[in-house]
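Presented below is the structure to which this report refers.
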Amino acid sequence: MHYTSRVGSLLPGQILVGPPHPISNIRPIRFYIPSDETLIERKYRELREHAVARDHEFWLDNNMRFEQGKTDFERHTVVTKGACTLDDLSDYFKQYQVDSFDRHLEYNRYVWKRNLAMVWPGLCAWVRGIGRRKRRRMDALARHSEQSYFDQQADAGSV
């Protein structure tokens, strides 16, 4: 079944979550953007979007470094020993952990600070949105019911 979906077709509170990136393993996320989004709600949404992007960047770089180092280690081990065993790979992994400890520690500190910095804007956005939630939900449901999500011609050609 073929369907089309747009960020504008999300209901209040919904998010679109995509498949994990093949290298970073971070899932892309699209957040609902209300038509009457306040400044504090926008700031909080942008903080969340930035957090997802930063996590993706870190893990993309980390996993690429790991895989490149592993490939180089395997090549070197095969040349010197004739084969690369699981014990050899465990030695590489241990060394990788030691070598990347400071980078991971810095990233974890950043994540804790970032998450703590997001608490106040998130709380403010939640409090400011309490009165609007019911109206937003009803407005979104009305818009949602008027939209066509299934492409009739694509459905006729695929089952």
What is the packing order of peptides 44-53, 69-78, taking the mean over residues of other C-beta atoms within 10 Å and listing the highest first?
44-53, 69-78
Shape of the stretch 15-113 from its Cα gyration tensor (a ≥ b ≥ c, root eigenvalues): rounded if a/c is under 1.5, otherwise prolate when a/b > b/c, or oblate?
prolate
Mind checking the full-extension length gain between ASN25 and ALA51? Use 0.36 nm per residue of separation minus the Cα-Cα distance, one decimal, nm.
7.9 nm
What is the distance, in nm, between label points placed 7 Å from the Cα along the Cα-to-Cβ direction at ALA83 and at ARG103?
3.1 nm
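Quick note: the coordinates plus some simple rules give every number you see, no bench work behind them. Just so you know, these numbers come straight off a predicted model, no measurement behind them. Quick reminder, even Gly has a Cβ in these numbers, built from the backbone with ideal geometry, and neighbours come from all protein chains shown.
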